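*Asks:* Quick one: the structure is below, questions incoming.
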Amino acid sequence: MADLKATIEEQIKNSHVLIYSKSTCPFCIRVKKLFSVQYVSFTAVELDTLDNASQYQDNLEQISGQRTVPNVFINGKHIGGCDAVVRLYSTGELAKLLVKGTQEKDPFNKDHTYDYDLIVIGGGSGGLACSKEAASQGARVACLDYVKPTPLDTQWGLGGTCVNVGCVPKKLMHQAALLGHAIEDAKQYGWEVSGDVGHKWSTLVEAVQAHIGSLNWGYRVALRDKNVKYINGLGSFQDAHTIKHINKRGKEAVITAARIVVAVGGRPRYPDIPGAREYCITSDDLFSMPTSPGKTLVIGASYVALECAGFLAGIGFDVTCMVRSILLRGFDQQMAEMAGEWMAEHKVKFQRKCVPTKVELIEKGGDGKPQRLRVEYKNNETGQVSSEEFNTVMLAVGRDPDTKLLGLDKAGVELSKSGHISAVYEQTKVPHIYAIGDVLQSKQELTPVAIQAGKLLAKRLFGGGSSYTDHVNVATTVFTPLEFGTIGLAEEDAETIFGKQNIEVYHSYFTPLEFTVAKRGDNSCYGKLICNKADNERVVGFHVLSPNSGEITQGYDIAIRMGATKDDFDATIGIHPTCSENFTTLYVTKSSGADVKTAGC
Ligand code: FAD
Ligand code: NA7
């Protein structure tokens, strides 16, 4: 009994978030769901799988005064059961408890014989932020970055996914598509745009790549200014403190460090079908394609797929999106379907319930002629096999962490089945090896999350910091043609966590004023607030489908994080005429079934 008490106390002391749970208990399921949909890592001790469950509960009662499960502890502090956690989540207090950690247990000591205080492997969003912050705190830092070419030999410079083949070129191409739409609108506003307005893909690619080139250069200068040693080499572990790096010419060298941060990000996945690697592109190739994509098939239905399909269609290409099951898994499904409907009404063809089975080259491109590919695909419901010709086939079927060749096993760091690194607040099981960004298990794959993690980690390691990255209520936007901004819980997740009877949804369609003269259709935009009736109608989910959703959503995130209620939204006076103001005047509940189409000002 005494031993068990000591074991439990040790578990509590050493865990960031610890849940004593029973696998079939509905309240435990709700608490775990709340943590997992908010990307908060936790350790769950499932008492019903243990022989001594009742002794555990006796000891827990002695330690915390609570015998029942779920019994939750954060940073060694007893929180309570499901209601207590939900309440803390709703008021924004949970996030505060989670980000305020303890001082680094192993304070920075320069007195070592390694070459560097810190080696960062990967010069993307997270790695660059971490390297620069650590150097600012006085650490001697080396940052390795190396881009393995794609199967079609596409390569890029320093800065990682976001800058070269992610957020930056994606948003610029999204803007290109919006401008095309704006040219159409302009005619309604009196602009005399004569004849057909064409688009030149090569001009767009050159402009986007020129901007990326300037960012690549800026990152190199920033590393030099901060005294970070930049090494353009592919790194791998030789042992827990030693990294081998190989440059483009095959030259090898070895460096050592007291601490190592793995920030290698991820790369697009290829399905195991004939022709995938030989003939298909991924988002890694799309943004620098010298020739126009032409008739394009985008395979996948998550945000990379929908965003790329959306802007390609907006630019004027014939685009089909092949969807295996649902749109935007993990996002609010009503919103996902609405974003898809807008795309379908704006020239994106959807091939639902289908998967590709083979891609063949029919004719090589060249001399101004596009290549011709034949895609064979199967309908998962009917089993019917069909085929169609395309000029470009883009795979967006997920991304894998880039850990295969890292040799993490030589350092004693374990990988999950998917190749991700599990870490508790960025620290792996090997205490001086850390991981940040997309390579982490079960974390948001977003640039600002990687940057925040990199900065705060460096501050903790070298600057006496004690804050952790807050993964709760991170706002994001899917840049589909009509943008989809989101904070907090999807409606279906809110129902699971709080109970359907406790959820009220306030919603409305709306028409941006700019759409009226342009005749873009009434009530094509939509917003909803998901409120917890059991907690003063606290807003637990915010979703908007509208132009400029990214800009709208960012500001509201502060309110949601601070625990805003429906009353707070109602008391806020809107800015007229904007799309955002609709959130200050929502009054129709979904449960009423009343009409939510709006007319007039
Ligand atoms: P990365 O930025 O991927 O950087 C990892 C770096 O490490 C790379 O340069 C890689 O080449 C290098 N590397 C890998 N292995 C080694 C090695 N062994 N040695 C040396 N170097 C190595 N996020 C948003 O927030 N907003 C968006 O709008 C958005 N849009 C996106 C659109 C697309 C098409 C994609 C693919 C992603 C998008 N993302 C977006 C996600 C965002 O790009 C990533 O979350 C972010 O880049 C992750 O940063 P990271 O530091 O973990 O990894
Ligand atoms: P995701 O979010 O992992 O989504 C993958 C999508 O591809 C999803 O719609 C899948 O459908 C679909 N998929 C997966 N395998 C196949 C096959 N074999 N055939 C057809 N469709 C398939 O990946 P993304 O690339 O969009 O984004 C990954 C991260 O990168 C994202 O978090 C961003 O931060 C950047 P499913 O729903 O599983 O049926």
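The values are calculated or read from the model by the stated rules, or taken from the named source; none is laboratory data. Being a predicted model, the structure only gives us computed values, none of them experimental. FYI the Cβ positions are ideal-geometry reconstructions off the backbone, even for glycines, and counts take in every protein chain you see. Surface accessibility is based on the protein's heavy atoms, side chains included, excluding ligands, DNA and RNA. Shrake-Rupley method; radii C 1.70, N 1.55, O 1.52, S 1.80 Å.
*Asks:* Restrict the check to segment 271-280 and report whether at least one residue is out of contact with any Pro (no Cβ under 9 Å at 6 or more places or on another chain), under 30 Å from S422 (Cβ atoms) and touching a residue at least 12 places away in the same chain (Cβ under 8 Å).
*Replies:* Scanning segment 271-280 turns up no residue that is out of contact with any Pro (no Cβ under 9 Å at 6 or more places or on another chain), under 30 Å from S422 (Cβ atoms) and touching a residue at least 12 places away in the same chain (Cβ under 8 Å).
*Asks:* Further, regarding this structure: Which residue is surrounded by the fewest Cβ atoms within 10 Å (Cβ to Cβ), if the candidates are limited to segment 132-178 and must be among the hydroxyl-bearing types (S, T, Y) and within 16 Å of ligand 2 (Cβ to nearest atom)?
*Replies:* Ranking the candidates gives T150 first.
*Asks:* Select from segment 423-452 the residues that are more than 14 Å from ligand 2 (Cβ to nearest atom) and either touching a Ser or Thr at 6+ places or on another chain (Cβ under 9 Å) or not assigned by TED's automatic domain parsing to the domain that holds V413 (or both) and list them in ascending order.
*Replies:* Scanning segment 423-452 gives A423, V424, Y425, E426, T428, K429, Y434, A435, I436, Q452.
*Asks:* Would you point out which residue out of K443, K455, K519 is under 19 Å from the mean Cα position of the chain (by Cα) and at pLDDT below 95?
*Replies:* One residue alone meets the criteria, K443.
*Asks:* Could you check segment 261-339 for helices (runs of 4 or more DSSP H) lying wholly inside it with 3 or more residues that are closer than 22 Å to G365 by Cβ and away from ligand 1 (no atom under 16 Å from the Cβ)?
*Replies:* 276-279
*Asks:* Can you tell me which condition L50 does not meet? The list is (1) closer than 30 Å to V141 by Cα; (2) out of contact with any strand residue (DSSP E or B) (no Cβ under 9 Å at 6 or more places or on another chain), and all the others hold.
*Replies:* The number of the failed condition is (1).
*Asks:* Of all helices (runs of 4 or more DSSP H) completely enclosed by segment 1-105, which ones contain at least 3 residues that are in contact (Cβ under 8 Å) with a residue 40 or more places away in the chain and assigned by TED's automatic domain parsing to the domain that holds R329?
*Replies:* Of the helices (runs of 4 or more DSSP H) lying wholly inside segment 1-105, none has at least 3 residues that are in contact (Cβ under 8 Å) with a residue 40 or more places away in the chain and assigned by TED's automatic domain parsing to the domain that holds R329.
Every residue, every condition in (1) closer than 26 Å to T428 by Cβ; (2) among the basic types (K, R); (3) at pLDDT 95 or above, yes or no:
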position	(1), (2), (3)
A2	no, no, no
Q11	yes, no, no
N14	yes, no, no
I19	yes, no, yes
K22	no, yes, yes
L34	yes, no, no
Q38	yes, no, no
E46	yes, no, yes
N52	no, no, no
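*Asks:* Looking at C130, is it in contact with a strand residue (DSSP E or B) (Cβ under 8 Å, 6 or more places away or on another chain), more than 7 Å from ligand 1 (Cβ to nearest atom), assigned to a helix (DSSP H, G or I) and more than 17 Å from F287 (Cβ to Cβ)?
*Replies:* Yes, satisfied.
*Asks:* Just to check your reading of the model, which residue among D557, D535 is under 27 Å from the mean Cα position of the chain (by Cα), open to solvent by less than 70 Å² (accessible area, probe 1.4 Å) and among the acidic types (D, E)?
*Replies:* Just one listed residue meets the conditions, D557.
*Asks:* Could you check how many residues of segment 311-350 are open to solvent by 50 Å² or more (accessible area, probe 1.4 Å), within 21 Å of P271 (Cβ to Cβ) and out of contact with any helix residue (DSSP H, G or I) (no Cβ under 8 Å at 6 or more places or on another chain)?
*Replies:* Count: 4.
*Asks:* On the basis of being at pLDDT 95 or above, within 15 Å of ligand 2 (Cβ to nearest atom) and over 22 Å from T43 (Cβ atoms), does G383 make the cut?
*Replies:* When the stated conditions are applied, G383 does not pass them.
*Asks:* So, of the residues in segment 571-591 that are open to solvent by 70 Å² or more (accessible area, probe 1.4 Å) and not in a loop (DSSP other than H, G, I, E, B), which turns out to be modelled with the highest pLDDT?
*Replies:* The residue in question is A571.
*Asks:* Now a separate question. Does A475 satisfy the condition of being modelled with pLDDT under 95 and aliphatic (A, V, I, L, M)?
*Replies:* So A475 fails the test.
*Asks:* Test each condition in (1) within 14 Å of ligand 2 (Cβ to nearest atom); (2) over 20 Å from the mean Cα position of the chain (by Cα) for L361 and report the one that comes out false.
*Replies:* (1)
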